[in-house]
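In what follows, a structure is listed as structure tokens, so that the remarks can point back to it.
The values are calculated or read from the model by the stated rules, or taken from the named source; none is laboratory data. Note that the structure is a prediction, hence the values are computed from the model and not measured. Backbone-built Cβ (ideal geometry, glycine too); neighbour counts: all protein chains shown.
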Amino acid sequence: MSFLANLNWRYATKKFDTTKKVSDTDLDKIIEAIRLTPTSFGLQPYHFYIVTNQEIKDKIQAVAWNQPQVGTSSHLLVFAARTDLATNKEEFFSLISGGNPEVRAMLKGYEDMVDGFVAGKPTPESVLPWSAKQAYIAQGFALAAAAELQIDSCAMEGFDPTAVGEILGLPESQKAVVMLPIGYRDVSENPRPKVRFTKEELFTEVK
Ligand SMILES: Cc1cc2nc3c(=O)[nH]c(=O)nc-3n(C[C@H](O)[C@H](O)[C@H](O)COP(=O)(O)O)c2cc1C
């Protein structure tokens, strides 16, 4: 099927078939799509958790309004936004310079610009809205990649982020912002028809 046909095929799946598991090969493709997500300045201010432990999935379901797509999923992807921006920036410049001080010196203009951005977000609270947006883009990539593989999923923000952080033992510098349970739809599922505003309602051409 084409990309658009797959986007029409997918829907927010509420219950997965617990006898069917996503293969490692397909999971790797979704992970790679997430890894390739573009981010502001390229900083990738996030970390991802892939939960297959049933007990942990059940605990997370309990703090997610008991939504069954969590516990019945094959894999539960949790998207955590980082709030340690200065450390994140340091890691990134170390990566793109290959740890070479001369290469890093050549990147000074770029690094100075990013330093200015970092200085403008001095607290975790000021970083989170920005890093969370990047995590949501990653979720969109994962959702589209899953659809391409005819793997069902459900984007979710209906959960208690603090409780999920405690269950997963997230460090202070990471906040769970969005989740994506994936798997294969249960036979009892009734895929809902797409409800979308029209092209005319959503788009304005500026010629
Ligand atoms: C950021 C985000 C958060 C969402 N949170 C939930 C959720 O917690 N539970 C749920 O059942 N669906 C959730 N949804 C699914 C939406 O309700 C669904 O995508 C929307 O109604 C469109 O339907 P479709 O995905 O089936 O096309 C969420 C979707 C997005 C994008």
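Below is a table of values for the structure above.
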{"item": "From the options Gln54, Gln61, residue that is modelled with pLDDT of 95 or more and within 15 Å of the ligand (Cβ to nearest atom)", "result": "Gln61"}
{"item": "Subset of segment 3-22 [buried (at least 19 other Cβ atoms within 10 Å of the Cβ) and more than 10 Å from the ligand (Cβ to nearest atom)]", "result": "Lys15, Phe16, Val22"}
{"item": "Segment 51-98, residues that are in a strand (DSSP E or B) and over 17 Å from Lys14 (Cα atoms)", "result": "Val51, Phe79, Ala80, Ala81, Arg82"}
{"item": "Residues within segment 168-207 that are more than 12 Å from the ligand (Cβ to nearest atom), of a type in the set (A, V, I, L, M) and either over 16 Å from His75 (Cβ atoms) or not in a helix (DSSP H, G or I) (or both), tallied", "result": "6"}
{"item": "Total residues in segment 143-162, condition more than 11 Å from the ligand (Cβ to nearest atom), within 11 Å of Tyr184 (Cβ to Cβ) and in contact with a strand residue (DSSP E or B) (Cβ under 8 Å, 6 or more places away or on another chain)", "result": "2"}
{"item": "Index of the failed condition, Ile151 passing every other in (1) within 12 Å of the chain's Cα centre (by Cα); (2) buried (at least 22 other Cβ atoms within 10 Å of the Cβ)", "result": "(1)"}
{"item": "Within segment 99-108, tally of residues that are small (Gly, Ala, Ser) and in a helix (DSSP H, G or I)", "result": "1"}
{"item": "Inter-residue pairs, beta-carbon under 9 Å, first touching a residue at least 60 places away in the same chain (Cβ under 8 Å) and in segment 151-180, second near the ligand (Cβ under 9 Å from one of its atoms) and of a type in the set (D, E, K, R), 6+ apart", "result": "Ile151/Arg10; Asp152/Arg10; Ser153/Arg10; Cys154/Lys14; Val177/Glu157; Val178/Glu157; Met179/Glu157"}
{"item": "Test: Arg35 is away from the ligand (no atom under 16 Å from the Cβ) and in contact with a Phe, Trp or Tyr (Cβ under 7 Å, 6 or more places away or on another chain)", "result": "no"}
{"item": "Matching residues, segment 116-129, being loosely packed, with under 14 Cβ neighbours inside 10 Å and assigned to a helix (DSSP H, G or I)", "result": "Gly116, Ala119, Glu125, Ser126, Pro129"}
{"item": "Per-region count, segment 158-207, residues within 15 Å of Lys14 (Cβ to Cβ) and acidic (Asp, Glu)", "result": "2"}
{"item": "Any chance Ile137 is modelled with pLDDT of 95 or more, under 27 Å from Ala12 (Cβ atoms), of a type in the set (Val, Ile, Thr) and within 16 Å of the ligand (Cβ to nearest atom)", "result": "yes"}
{"item": "Whichever residue in segment 28-72 is polar (S, T, N, Q) and in contact (Cβ under 8 Å) with a residue 40 or more places away in the chain and, among such residues, is nearest to Glu111 (Cα to Cα)", "result": "Ser40"}
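So that you can scan it fast, the table gives a plain yes or no per residue for (1) farther than 17 Å from Asp152 by Cβ; (2) charged (D, E, K, R); (3) surrounded by 12 or more Cβ atoms within 10 Å (Cβ to Cβ):
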{"position": "Thr37", "(1), (2), (3)": "yes, no, yes"}
{"position": "Gly42", "(1), (2), (3)": "yes, no, no"}
{"position": "Lys59", "(1), (2), (3)": "yes, yes, yes"}
{"position": "Pro68", "(1), (2), (3)": "no, no, yes"}
{"position": "Ser74", "(1), (2), (3)": "no, no, yes"}
{"position": "Leu85", "(1), (2), (3)": "yes, no, yes"}
{"position": "Ile96", "(1), (2), (3)": "yes, no, yes"}
{"position": "Val103", "(1), (2), (3)": "yes, no, yes"}
{"position": "Lys108", "(1), (2), (3)": "yes, yes, no"}
